[in-house]
1. Can you run down the residue pairs with Cβ atoms below 8 Å, 6 or more apart or on separate chains, where the first is in the stretch 114-136 and of a type in the set (S, T, Y) and the partner is open to solvent by 50 Å² or more (accessible area, probe 1.4 Å) and modelled with pLDDT under 95?
2. Of everything in the stretch 142-177 that's open to solvent by less than 50 Å² (accessible area, probe 1.4 Å) and among the acidic types (D, E), which residue is farthest from L195 (Cα to Cα)?
3. Quick check on A252: is it more than 24 Å from G157 (Cβ to Cβ), at pLDDT 95 or above and out of contact with any Phe, Trp or Tyr (no Cβ under 9 Å at 6 or more places or on another chain)?
4. Checking S170 against (1) touching an Asp or Glu at 6+ places or on another chain (Cβ under 8 Å); (2) assigned to a helix (DSSP H, G or I); (3) closer than 24 Å to V236 by Cβ, only one condition comes out false. Which one?
5. Return the pair list, or none, for Cβ contacts closer than 7 Å from residues in the stretch 95-113 that are touching a residue at least 60 places away in the same chain (Cβ under 8 Å) to residues that are of a type in the set (S, T, N, Q) and outside any helix (DSSP H, G or I), at least 6 apart or on different chains.
6. Consider the stretch 220-236. How many of its residues are of a type in the set (A, V, I, L, M, F, W, C), within 20 Å of G278 (Cβ to Cβ) and touching an Asp or Glu at 6+ places or on another chain (Cβ under 8 Å)?
7. Could you tell me how many of the residues in the stretch 239-277 are more than 17 Å from H132 (Cβ to Cβ), assigned to a loop (DSSP other than H, G, I, E, B) and open to solvent by less than 40 Å² (accessible area, probe 1.4 Å)?
8. Among the residues that make up the stretch 178-190, is at least one of them out of contact with any Cys (no Cβ under 8 Å at 6 or more places or on another chain), touching a residue at least 40 places away in the same chain (Cβ under 8 Å), of a type in the set (A, V, I, L, M) and not in a loop (DSSP other than H, G, I, E, B)?
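The values are calculated or read from the model by the stated rules, or taken from the named source; none is laboratory data. Only a predicted model underlies this, so the values are computations on that prediction, with no experimental measurement involved. Note: ideal-geometry Cβ built from the backbone for every residue, glycine included; neighbour counts use all protein chains shown. The accessibility values were calculated without ligands, DNA or RNA, using every heavy atom of the protein model including side chains. Shrake-Rupley method; radii C 1.70, N 1.55, O 1.52, S 1.80 Å.
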Amino acid sequence: MRWTAGLMAGTLAACAPVEQDAAMAPPETDRPDTEPLDSIANPVDDEIPEQFDWQQNFPSWYAAVEPYQIMGSGKKGLYFVGTEGLGMYFIPTDAGHIVIDGGMPGEGRYVADAIRKLGFDPADVKILLNSHAHLDHSGGLAELKALTGAKLVASEGDRSALEGGFYLGSEDDSAMNAPPVEVDRIIADGEQVKLGDVTLTARITPGHSRGCTTWTVPIMQGGATYQALIFCSATVAANRLVGPPQYPGIVADYRKTFAMTKDWNPDIFLTNHPEFSGLAEKRERQKAGDPLAFVDRQGFPVMMAKLEKAFEAALEKQTLKHNAIMSD
């Protein structure tokens with residue numbers, strides 16, 4: 001494989017702002033239908049160089065954000081403990097705490113410090129969850145696990161990549177590696193993780209990774225219950241869809257995810273790249289006094305429709321390029 005330096009200059013594609021009720025619509029903003037890995041690698045014939053400087057090229061992944069409560073009553077609920085460009089989430093309970101995703105390698109301590117800023121003790125974190133085994137979301141898990149002693153719960157589909165510290169299907173691309181981390185419990189689609197008075201449900205939404213896991217959890221605020229969804233991903237990113245595919249069955253997996261999510265309408269939808277769900281804009285509305293700033297019942301289906309369209313376009317493009325290469 002070879003690296004094409006010109007791809008580094010590529011900008012992220014954007015999509016139209018999500019239509020919402022006028023009373024709750026955030027300021028006009030574009031939401032990307034690709035994630036940052038799309039702009040640095042052509043998955044048909046390119047690889048990321050071994051000495052690639054992630055922080056220089058994606059500074060938002062490392063830019064600190066003051067942690068805050070997204071929704072909840074009192075000290076309970078759902079919190080943001082990520083960076084400007086990476087979504088990590090924290091859920092406290094009376095029996096211990098839960099963290100979803102660990103960010104980039106070296107960011108486990110960042111998450112622990114964010115938890116302290118919120119007034120909680122990282123030593124009380126009992127469960128770590130992962131959306132998927134890519135270094136920008138799993139990279140800090142080993143450090144976070146060492147700092148807290150928490151147990152990691154993940155899908156069987158992502159277990160090998162988490163424990164091996166590699167990007168499945170691109171094992172030779174060392175720049176994509178993450179610190180290996182042991183999985184303590186395997187969870188399947190529809191199974192639940194319970195701690196104290198909190199219950200999360202795992203939904204396996206494969207494609208972006210083989211075991212891509214979306215988490216749902218009810219959140220109480222003001223006497224009402226809101227269904228929150230923390231979506232894994234459905235972008236193509238650095239994945240090869242053809243010649244050979246990133247992993248066997250990847251195309252069918254993407255289409256399975258698009259089909260299974262057609263009727264999902266969560267009250268709150270969150271993503272592990274905050275720009276996908278307009279998190280910064282919603283946070284500004286919250287700071288301005290809107291207690292329901294993160295309620296967005298139309299955002300998820302609109303995003304998924306655009307991601308499905310982007311996937312089919314990427315499949316067509318990769319197929320045409322692969323066929324052209326094979327015919328040379």
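1. Nothing qualifies.
2. Top of the filtered list is D173.
3. Values: more than 24 Å from G157 (Cβ to Cβ): no; at pLDDT 95 or above: yes; out of contact with any Phe, Trp or Tyr (no Cβ under 9 Å at 6 or more places or on another chain): yes.
Considered against the rule, which asks whether it is more than 24 Å from G157 (Cβ to Cβ), at pLDDT 95 or above and out of contact with any Phe, Trp or Tyr (no Cβ under 9 Å at 6 or more places or on another chain), A252 comes out as no.
4. (2)
5. As it stands, the answer is I100/S131; D101/N130; D101/S131; D101/N272, since those pairs meet every condition given.
6. Start the filter on the stretch 220-236 by keeping residues that are of a type in the set (A, V, I, L, M, F, W, C), which leaves 220, 224, 228-232, 234, 236.
Still in the running and within 20 Å of G278 (Cβ to Cβ): 228-232, 234.
In the following step, the residues that additionally are touching an Asp or Glu at 6+ places or on another chain (Cβ under 8 Å) were identified as 228, 234.
The number of residues fulfilling the criteria is 2.
7. Final tally of qualifying residues: 5.
8. Initial filter on the stretch 178-190 (out of contact with any Cys (no Cβ under 8 Å at 6 or more places or on another chain)): 178-190.
This time we only want the ones that are touching a residue at least 40 places away in the same chain (Cβ under 8 Å), so: 178-179, 181.
Now narrow it down to the ones that are of a type in the set (A, V, I, L, M): 178, 181.
The next check asks that each one be not in a loop (DSSP other than H, G, I, E, B); those that pass are none.
No, the stretch 178-190 contains no residue that is out of contact with any Cys (no Cβ under 8 Å at 6 or more places or on another chain), touching a residue at least 40 places away in the same chain (Cβ under 8 Å), of a type in the set (A, V, I, L, M) and not in a loop (DSSP other than H, G, I, E, B).
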